[in-house]
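Inspection log for the structure reproduced underneath, given as structure tokens.
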Amino acid sequence: MRKFKAYAIPFVGLKVGQHRFEYDVNNSFFELFDFQEFNDVDVKAELLLTKKANMLELDFEFKGMVNVNCDVTLEPFDQPISNTLSLVVKFGEVFNDDNEELLILPHGDHEIEIQQYIYEGIILGLPAKRVHPGVEDGTLDSEILEKLDELKPNKEEENTKDEDTDPRWDKLKELLNE
């Protein structure tokens with residue numbers, strides 16, 4: 001039995017026109033990919049499949065929440081996600097997915113597997129740096145933040161270090177200024 005059977009759409013039996021599919025994505029979906037960066041996932045993936053005589057158009061929309069750890073404090077928080085992904089499916093001699101917006105399926109294929117596109121749409125919908133909202137507005141109380149503040153360089157100490165330089169370096173700095 002295929003582990004991604006629920007994400008295979010048999011397009012041969014569909015009429016020409018638009019068809020809607022909805023998927024509730026949770027942790028078990030990402031376990032199929034052995035991806036364990038998320039604490040919890042609750043995302044709704046909606047697919048609008050437009051079947052035409054010689055091609056398919058897939059428009060994905062992702063909305064929901066992903067519970068991740070903050071990159072600064074390691075505190076878990078809910079990161080909202082909202083993303084879209086579009087894909088055109090054409091038919092040709094051989095399978096080709098080199099282009100991220102175009103998929104070529106062999107003429108004999110009768111279904112399309114969309115699990116990879118759902119996976120990518122959710123992953124790419126997250127920001128590169130995940131920062132807890134409490135860090136940005138200063139309301140989060142965390143031991144890690146306190147330690148970072150304690151170890152932050154002090155501006156007054158930096159100014160006194162600049163004043164106590166070796167006179168030989170001052171002569172070299174004068175050469176740079178000329």
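Worth a mention:
- Under-5 Å amide H pairs with residue 11, H placed in peptide plane, nonlocal only: 111, 112
- Shown for the chain is the translational diffusion coefficient from the Stokes-Einstein equation, using the Kirkwood radius over Cα pairs, a temperature of 25 °C and a viscosity of 0.890 mPa s: 119 µm²/s.
- Extension gain, residue 22-residue 61: 0.36 nm per intervening residue step, less the Cα-Cα distance, totals 13.1 nm.
- Kirkwood Rh and Cα Rg combined as Rg/Rh, the stretch 1-87: 1.07
- In Hz, Karplus ³J(HN,Hα) per residue of the stretch 105-113 (6.51, -1.76, 1.60; θ = phi - 60°; x = Gly, Pro): 9, x, 4, x, 5, 10, 8, 10, 9
- Amide H contacts for residue 140 (H built 1.01 Å from N in the peptide plane; partners 5 or more residues away or on another chain; cut-off under 5 Å): 135.
- Between residue 124 and residue 172, the simple spin-label model (points 7 angstrom out along Cα→Cβ) gives 4.9 nm.
- Charged neighbours of residue 83, selected by a Cβ distance under 9 Å, balance to 0 (K, R count +1; D, E count -1).
- Angle in degrees between helix 167-177 and the longest Cα principal axis of the chain, rounded to the nearest 10: 50 degrees
- Amide H contacts of residue 75: 70, each under 5 Å away and 5 or more positions distant or on a separate chain (H built 1.01 Å from N in the peptide plane; Pro and chain starts excluded).
- Cα→Cβ-extended label distance, 7 Å offset, between residue 154 and residue 34, nm: 5.0 nm
- Here the chain is treated with +1 on each Lys and Arg Cβ and -1 on each Asp and Glu Cβ, and its dipole about the Cα centre works out to around 1380 debye.
- Loop trypsin sites (Lys or Arg not before Pro), the stretch 40-98 (other Cβ atoms within 10 Å of the site Cβ: 13 or fewer; DSSP): 52
- Nearest-ten-degree value, helix 115-124 long axis tilted from longest Cα axis of the chain: 20 degrees
- Separation of the residue 50 and residue 147 label points, Cα + 7 Å toward Cβ, nm: 5.3 nm
- Each of 94, 148, 38 was placed along the dipole of the chain (beta-carbon charges, centred on the mean Cα), and the one lying farthest toward the positive end is 94.
- Listed residues 27, 60, 106: farthest to the positive end of the dipole of the chain (Cβ charges): 106
Every number here is computed from the coordinates shown, using simple stated rules; none is lab data. These numbers come from a predicted model, not from an experiment. Methodologically, a virtual Cβ is constructed for each residue, glycine included, from the backbone with ideal geometry; neighbour enumeration extends over all protein chains shown.
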